[in-house]
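For reference, the structure discussed in these notes is given below.
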Amino acid sequence: MSIKKSILIRVRVAFLLVFLFSAGILFRIFTVQYAEGSKWKEIAESLGLQVMKVSATRGNIYADDGSLLATSLPFYQVAFDPLIASDELFYGQVDSLSYLLSEFYGDHTASSYKTRIVQARKGKRRYLILNRKEIDYQEKKLMEQWPIFRTGRLTGGVIFEKVEKRFRPFSHLGYRTIGSTDGDHRGTVGLEYSFNRQLAGRDGEALYQKMAGGGWKPVFDGTEIQPVNGYDVQTTINVNLQDVTETALLKHLERHQADYGVAILMEVKTGEIKAISNLSRNSLGQYYERYNYAVGSQGAREPGSTFKLASMMALMEDTKIKLTDTVDTGDGTMQFFTETMKDHKPGGYGVLTVQEVFEKSSNIGVAKLVTEHFGSNPSKFTDYLKQMGIDKPLSFQLVGEGVPYIKDPEDSTWSGISLPWISHGYELKMTPLQTLTLYNAIANEGKMIQPIIVKSVLKDHRKMETYKAKVLNKKICSDETLDKLKIMLEGVVERGTAVNIKDDRYKIAGKTGTAKKVKNGRYTNRYYTSFAGYFPAEDPRYSCIVVIDEPKGYHIYGSDVSAPVFKEIADKIYALEIEMHQELPDQHLQFAGVFPVIRAGKRDELQMISNELGISNHTDDQDVWVKTDVINHAVYWKGNDPATGLVPDVRGMTLRDALYVLENAGLKVYISGRGRVDKQSILPGVRFSNGATIKLELS
């Protein structure tokens, strides 16, 4: 055989083998695709099935009056099974559906949407995500009326996949306290974390099928386990007071460029936390809620002079010391073993009474008194502190409470200077909330109660769990000691280090604190300032503590930095809560029958009435809206024009005037009673969002 024939035969054999192999492949493809198609399709579908979690709807978090602090809002992603609709329904309405999709989303033309949907139907795709943009509930209701979609999931093939998002109606107000959730709807910090078990509910299960492109389509085969929605949590937080507290703290933090600040407002009798704010400064100089210094372990610091209250309590309980007894504080410096203690005033205070030692916050005075009475037995002093209960955590409802530390003589770090230094707030640690609890006990006639921030857990507005403040110590000291402490706390504001916040309308009782901070084991000239107290001192309703860490500039003491924040908060609350006000002495009786009932309203109208009645009236400005005061024998008009974005003050106005002012400002008004406006539910001067609701009480 010639070489040519041999090569030709080999080529033909190779060609024949390739042909037979190709024919076999084509035959197999035909068999799999058509003859065995349904079989393999069932296998593929079974392999793509998976039981997946169906998240429960997370419960709401409410303020004390029922206002929403956090809620879960439903959003939806729109998918489509184009094979479910009949040919008549599908091809008769797909043009209209495509047009509406194009108009709604605005990302593709109607023809583009139609092409995608028709190709998916021809390709027998059972799951098509029409657009990945999420829609809200109202938009879902709108889409449910569209062509094809209006026939529902079983006939039209529309699939609305719910995605829940956590929403805070008051934005960042109380953000760190309310807390946040992660991608799995679990609480990460704050109330969301601490009450996650109640809020989370119980997830359900459903069968899903994996579709081409990686999406998952729910398979409704009747085996679904429905999720159980979470319970709601009602807090003690008051939205208006929270706003007042946060606004005042922020203003002073920015003024002093401090590192962070804390403000806590508590109701004396109930222990309910009405406001709690923690603001930290970032690298851009902006303040935000990063960490709960009010409660957490990072907020446990040496309190400084606010601790002198506990030291004086121990002294008075163990001795017969009188407020009029004296102590020589010398020239403002005193040696205690190896360390020198100093008073704030250069040259010292000299001889002071016990009451003046506290009012002027003399470190030397307190340290001398404590060492004289407890120096031979320091354990007795620390035992008094422990009997008060300030050495134990409060078991507060927020997870992560810092543990207080009160050093005692058995501690390995105890030294000769420990007792005098502890007496004025060093070599120990307390959180702001723990310090406030001590001051609240004085305001509460010696009863120390546990602060609470959650009142109840609700299901469909029915209480499932309720919480009340536990009594931590029925009586932290004798009535005699309590009376002395109250006198001293009021004296701090009347004559002492906080005289700058004295108010003639109501009394404040409290104590300033300024502690040097430790760095690398040594005290530095960086300060932790505070003011703790209660108001009105005659009949305490609220206790409050303000802490400002590392203020910059000339003002670095608690009296100049923290006390003014306390005063601003107290003033706003006093302005709102009429029941705190004491009637002016004899003024109303003195002019009874002389002046008509003129309290607030439109200036030109009130002037006209006064002029007609022959009543002398005066003003220094030309505000449209005014409030009134009686000075000597004349009415004096004080400007009361509302500021943009701030709640107007309508107290004393007629209902007609109040409605005009409030509704023009953008508020929705609800009223009760008859007569003039006596109370308004939102503090004057508080910022509000358009459409917010305000309640007026008339009398």
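Throughout, read-outs are computed from the coordinates displayed, never taken from laboratory work. What you see is a predicted model; the values in this text were computed from it and never measured. So basically every Cβ, Gly included, is an ideal-geometry build from the backbone, and we count neighbours across all protein chains shown.
Subtracting the Cα-Cα distance of THR353 and THR619 from 0.36 nm times their residue separation leaves 91.0 nm of extension gain. Candidate membrane-span-like segments in the chain, meaning DSSP H helices with Cα atoms spread over at least 24 Å of their own axis and a Kyte-Doolittle mean of 1.0 or above, are 3-30, with no membrane implied.
Taking all Cα pairs closer than 8 Å and separated by 6 or more residues, the relative contact order of the chain comes to 10 percent.
Can you tell me how segment 240-580 classifies by the Cα gyration tensor, rounded, prolate or oblate, using a/c under 1.5 as the rounded cut?
On the way: a/c = 1.44, a/b = 1.33, b/c = 1.09.
Rounded shape, in that the Cα axes give a/c under 1.5.
If you keep only loop residues by DSSP, which chymotrypsin sites (Phe, Trp or Tyr not before Pro) in segment 298-406 have at most 15 other Cβ atoms within 10 Å of their Cβ? For chymotrypsin sites (Phe, Trp or Tyr not before Pro) across segment 298-406 that sit outside H, G, I, E and B with at most 15 neighbouring Cβ atoms in 10 Å, the list reads PHE337. In the chain, helices alone account for a calculated mean residue ellipticity at 222 nm of -10000 deg cm²/dmol, with every DSSP H run of four or more residues adding -39,500 (n - 2.57).
Of LYS502/LYS679; LYS308/LYS342; LYS429/LYS470; LYS511/LYS567; LYS251/LYS552; LYS470/LYS507, which ones are farther than 20 Å apart at the Cα? Exceeds cut-off: LYS502/LYS679; LYS429/LYS470; LYS470/LYS507.
By other beta-carbon atoms within 10 Å, ranking LYS459, LYS407 with the fewest at the front produces LYS459, LYS407. For LYS668, a cut-off of 18 angstrom between C-alpha atoms picks up these aspartates and glutamates, skipping any fewer than 8 places away in its own chain: ASP65, ASP649, ASP657, ASP678, GLU697. Listed from fewest to most Cβ neighbours within 10 Å, the set TYR287, TYR127, TYR554 follows the order TYR554, TYR287, TYR127. Here LYS122 is the anchor, and the aspartates and glutamates within straight C-alpha reach of less than 18 Å, apart from those fewer than 8 places off in the same chain, are ASP81, ASP87, GLU88, ASP95.
Ignoring aspartates and glutamates fewer than eight residues from LYS484 along the same chain, the ones with Cα atoms less than 18 angstrom from its Cα are GLU317, ASP318, ASP325, GLU356, GLU359, GLU445, GLU494, GLU538, ASP539.
Of the residues TYR534, TYR76, the one with the fewest other Cβ atoms within 10 Å heads the list, and the complete ranking is TYR76, TYR534.
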